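The values are calculated or read from the model by the stated rules, or taken from the named source; none is laboratory data. Predicted, not measured: the structure shown is a model, and the values here were computed from it. Ideal geometry is used to build each Cβ from the backbone, glycine not excepted, and the neighbour counts take in all protein chains shown. Surface areas here come from the heavy atoms of the whole protein model, side chains and all, with no ligands, DNA or RNA. Shrake-Rupley method; radii C 1.70, N 1.55, O 1.52, S 1.80 Å.
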Amino acid sequence: MSLDFSVSFLITNLLLGVGLAMDAFSVSIANALNEPDMKKAKVFGVAGTYAFFQFAMPMIGWICVHTIAEKFTAFQKFIPWIALILLLYIGGKMIIECIKERKESKNEAASDSERKVSVLTFGTLMLQGIATAIDALSVGFTIAEYNTVTALTAGLIIAVVTFVICLVGLLIGKKVGEKLSGKAEIFGGIILIGIGIEIFVKGVFF
């Protein structure tokens, strides 16, 4: 298939981008809830990381379809499990750390303004990026008939959509996080666990 900038191509990949970005959008809200004072540079960095993974995973899937299709099909059944385990781990860790910090704050009679806030680390961000984008590997089948340039174009559209949607999620989370104060980390952890369960149920039972 030659490179096609038709309206249908654009709409299809825009909608695909929106669908794939929903998990990353929710995780963006969770991260900003947890870190409402996140700097502008980090906000763009976090959104850019999710956009990168949402670009990379469909392309990896596309490469696999064109090289090791049989083995890739067998690997697909593990995708929901991987997402579930990663997000349960990250969300659970966030909740446990918040509970520990609140206990320590009570013991030390610390005020909310002195309470230590967990900051999103590079390692955690990478895990989140993989967990929220790993189901996009299956998009490799959706764009299997595209040639290299067309597949790259589709991936870039998905990445741009993801970037914009995640920016919105981060801004929403920052606003709400400022109001929720110490409870924000628990809400963020619950959101991550919920996303993991949703990806798992969708991937295994539907």
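General remarks:
- In segment 125-179, the residues that are open to solvent by 10 Å² or more (accessible area, probe 1.4 Å), among the polar types (S, T, N, Q) and in contact (Cβ under 8 Å) with a residue 40 or more places away in the chain: Ser138, Thr142, Asn147, Thr153
- The listed residue being modelled with pLDDT of 85 or more, part of a helix (DSSP H, G or I), open to solvent by less than 80 Å² (accessible area, probe 1.4 Å) and of a type in the set (A, V, I, L, M), out of Ile85, Ile29, Ile90: Ile29
- Phe9 meets each of the listed conditions (1) assigned to a helix (DSSP H, G or I); (2) more than 22 Å from Ile143 (Cβ to Cβ); (3) at pLDDT 85 or above apart from (2).
- The one condition in (1) out of contact with any helix residue (DSSP H, G or I) (no Cβ under 6 Å at 6 or more places or on another chain); (2) under 16 Å from Ile29 (Cβ atoms); (3) modelled with pLDDT of 75 or more that Leu180 fails to fulfil: (3)
- Residue within segment 5-16 that is among the aliphatic types (A, V, I, L, M), in contact (Cβ under 8 Å) with a residue 60 or more places away in the chain, more than 19 Å from Ala131 (Cβ to Cβ) and touching a Phe, Trp or Tyr at 6+ places or on another chain (Cβ under 8 Å) present: no
- Of residues in segment 69-80 being under 14 Å from Asp135 (Cβ atoms) and out of contact with any Gly (no Cβ under 8 Å at 6 or more places or on another chain), the one most open to solvent (accessible area, probe 1.4 Å): Lys77
- Flag if Ala24 is free of Cβ contacts under 8 Å to residues at least 40 places away in the same chain and among the aliphatic types (A, V, I, L, M): no
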